[in-house]
1. Hey, if you put +1 on the Cβ of every Lys and Arg and -1 on every Asp and Glu Cβ in the chain, which of Met47, Tyr176, Pro85 ends up farthest toward the positive end of that dipole?
2. Taking amide H positions as placed 1.01 Å from N in the peptide plane, with prolines and chain starts having none, which residues 5 or more places from Val34, or on another chain, fall under 5 Å of its amide H?
3. Debye calculation, C-alpha points only, no solvent: report log10 I(q)/I(0) for the stretch 1-95 at q = 0.11, 0.14, 0.20, 0.24 Å⁻¹, in the same order as the q values.
4. In whole Hz and in residue order, list the ³J(HN,Hα) couplings for the stretch 42-59 that follow from phi through the Karplus curve 6.51 cos²θ - 1.76 cosθ + 1.60, θ = phi - 60°; x for Gly and Pro.
5. For the charge dipole of the chain, defined by +1 on Lys and Arg C-beta atoms and -1 on Asp and Glu C-beta atoms about the Cα centroid, which residue among Ala74, Leu59, Leu110 has the Cα displaced farthest towards the positive pole?
6. At a 1.4 Å probe radius, carbon and sulfur cover how many percent of the accessible area of the chain?
7. Could you work out the percent of alpha carbon pairs in the stretch 98-147 separated by over 16 Å, rounded to a whole number?
8. How many percent of the alpha carbon pairs in the stretch 137-191 exceed a separation of 19 Å?
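The values are calculated or read from the model by the stated rules, or taken from the named source; none is laboratory data. For clarity, every value in this text was computed on a predicted model and none was experimentally measured. Don't worry about glycine lacking a Cβ; one is built from the backbone with ideal geometry, like all the others, and counts go over all protein chains shown. Ligands, DNA and RNA are stripped out before the accessible areas are found, and what is left, the full protein with its side chains, is counted by its heavy atoms. Shrake-Rupley method; radii C 1.70, N 1.55, O 1.52, S 1.80 Å.
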Amino acid sequence: GWTIEAAEAVCVGEGVGPTDALDLLTHLVEKSLVVADARVRPPRYHMLETIRQYAREKLADANDDESVGERHLAYFLRFAETAEPCYFHPDQLQWYAVTDAELDNIRAALEWSLARARAESGLRLASALDRYWVARLHWREASGWLERLLELPARDPQSAVRAKALWILGHIYYYYGSTAALRATEESLRM
């Protein structure tokens with residue numbers, strides 16, 4: 001699913017202007033190709049699985065999947081980095097709920113970053129969710145994302161992004177008793 005804000009960020013481009021996204025989404029809802037859930041705030045939209053598969057094929061046929069995938073990754077990277085300090089804020093329960101709703105999109109963005117070797121963006125995204133992963137007990141999933149992203153070739157193997165990711169990996173390893181926690185945090189400190 002998605003919000004109108006996400007649709008505007010991901011779909012604007014290649015002939016779709018900022019004001020077009022809402023009109024197009026409204027048209028798809030009227031045609032029952034997209035379902036609107038107004039019971040939640042902000043409203044969320046989704047497609048039936050068969051329609052989503054068809055839409056994905058059409059996107060690939062139009063050779064738009066690369067640019068849309070990059071905008072999707074960029075949007076959810078901004079989302080995660082905006083949410084990061086909010087997990088420690090008085091509104092934290094709201095931010096956890098919003099992140100819960102976006103988790104499949106976050107996973108898709110992380111998969112995209114892995115498939116396209118966008119290590120830095122993927123590491124920033126996974127790292128920004130450190131508090132979320134821990135609070136929601138997604139330790140194994142988080143460490144899996146970070147491990148795979150850290151294995152990708154890096155432009156700067158000593159970057160602050162990689163050091164932060166290693167620190168967070170050590171933090172997450174700590175929760176399930178891995179001896180690798182010490183190695184990851186020491187490597188982070190060396191960097």
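1. It is Tyr176, whose Cα lies furthest towards the positive end.
2. Val29
3. Cα-only, vacuum Debye calculation for the stretch 1-95: -0.38, -0.61, -1.13, -1.39.
4. Coupling constants for the stretch 42-59: x, x, 10, 10, 7, 10, 5, 4, 5, 5, 5, 5, 5, 4, 5, 4, 5, 5 Hz.
5. Value computed over the given set: Leu110.
6. Solvent-exposed carbon and sulfur of the chain make up 56 percent of the total.
7. So the portion of pairs separated by more than 16 Å is 31 percent.
8. When all Cα pairs of the stretch 137-191 are counted, 20 percent exceed 19 Å.
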